[in-house]
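**Student:** Before we start, here is the structure in question, set down as structure tokens.
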Amino acid sequence: MEQRKRSGVVLGITSLVALGLGLLLFFEVIRPFRDGNIDMPLAIGCAVAGALLALIGVVRRRGAVWLNVVALLLNILALIAVGLIVMSLSHMPLM
């Protein structure tokens, strides 16, 4: 039983760490002034990996389900925000 609770907490925390890493990449804290063609897919990949880890924790009913639900929602909100930013930038005329 203890192992089950611990694995849910590990999944939730790992999901939040992946989200944090993706945000640091997106806002160019880790790799400042680098190529966006490399950083954007890495950031999106981190958010997707975080969402998948949290989803596994929720579906398998591991311990700390609330942590995995919060992590899943945060990762999905981050993906939606990045999608909206990319969509709005794609409609901007280039100078």
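Bear in mind that the values in this text are calculations on the coordinates, not laboratory data. In this text, all values refer to a predicted model and were calculated from it rather than measured experimentally. Glycine gets a Cβ as well: all are built from the backbone with ideal geometry, and neighbour counts include every protein chain shown.
**Student:** Work out Dmax and Rg for segment 7-51 from the C-alpha atoms and quote the Rg first, both in angstrom.
**Tutor:** 11.2, 37
**Student:** Still on this structure, I have one more. With the radius of gyration and the Kirkwood radius both derived from the Cα set of the chain, what is their ratio Rg to Rh?
**Tutor:** Dividing the radius of gyration by the Kirkwood radius yields 1.10.
**Student:** What dipole magnitude, in Debye to the nearest 20, does segment 2-90 give about its Cα centre under +1 on Lys/Arg Cβ and -1 on Asp/Glu Cβ?
**Tutor:** 520
**Student:** With unit charges on the beta carbon (Lys/Arg positive, Asp/Glu negative), name the residue among Met87, Val29, Ala54 whose Cα is farthest towards the positive pole of the charge dipole of the chain.
**Tutor:** Ala54
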